[in-house]
Amino acid sequence: MARPRHRLSEPEIRVDRACDDEVFALLGACRSARDRFIVITMSRAGLRRGEVCGLRRSDVHLLVDSRRLGCDVARAHLHVVRREDNPNQAWAKSRRERVVDWQAPGPVAKAAARMSGLEFMRAMRDAILPEPPMARLIDFRMRVAEPGRILMELEPHESLENTIGLLHGATAAALLDTAMGCAVTTMLPAGQGSVTLDLKLTYLRPLSVKSGTIAAEGKVIKLGRQTSYAEGFVRDGAGNLAVHATATFSMIGEAPRTK
């Protein structure tokens, strides 16, 4: 088993931004010239006195194998990224956090069972019923709920990005699957629903946090007793078409019989 090159333990509590004394402590904890070079280089780049750089002790991994700390990078390294809000454009910590809260979906499903599909969608649109957990996770909102048509909106954020600085393709997939599925739901009576059979997406334009408000529209093409078809569109803040999708949905449940 590889032995650590320093004795600076990973803090279990939130640590404030590093000060000069903490930088010197990191230097003193280094056991090799390479590790001292890393810290000195970062100090010159972003740990100047009086500047806000945001480097934390927990972002400095000077172990031979840092995977035991829960990090995917094995070798000694720093987690750094350039922050636009730094006055000196210094390199800073890359760790972010985002708190997501949601309500248990079970009670919502019971309430929706007594509503038509359109009533259910409008209740979520008007915040009478809470949004599903997935919507809270990605943070999109339903803005329009009409018979056969749904419009979702998303303010893109950094937690949805991939490693090349674009929104992950699964973001658009989740938006369109939801919008098209909900569009089908608006056409169904109480007691009926739908599940996705297949989903095909064509990506026409990349999306990022700079794309503005992203709109996802779902429309019903054909409503059937066993299978229904829908079409979806994702547009950026300027109205440019970014993603086109088609989907097939299977009908589940039975409408209540009239006496």
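Any read-out appearing in this document is the output of simple, stated calculations on the displayed coordinates, not a laboratory observation. Nothing here was measured: the structure is a model prediction, and the numbers come from that model. Every residue, glycine among them, receives a Cβ derived from its backbone with ideal geometry; neighbour counts consider all protein chains shown.
The stretch between Thr246 and Val73 holds 58.4 nm of extra length on full extension. This uses 0.36 nm per residue minus the Cα-Cα distance. Compute the FRET efficiency between Asp139 and Thr196 as 1/(1 + (r/R0)^6), taking r as their Cβ-Cβ distance and R0 = 25 Å, and round to the nearest 0.05. Between Asp139 and Thr196 the formula returns 0.75. Modelled spin labels at Phe37 and Glu158, positioned 7 Å past Cα toward Cβ, are 2.9 nm from each other. Near Leu207: Cβ cut-off under 14 Å, other residues only, Lys/Arg at +1 and Asp/Glu at -1. The net charge is -2.
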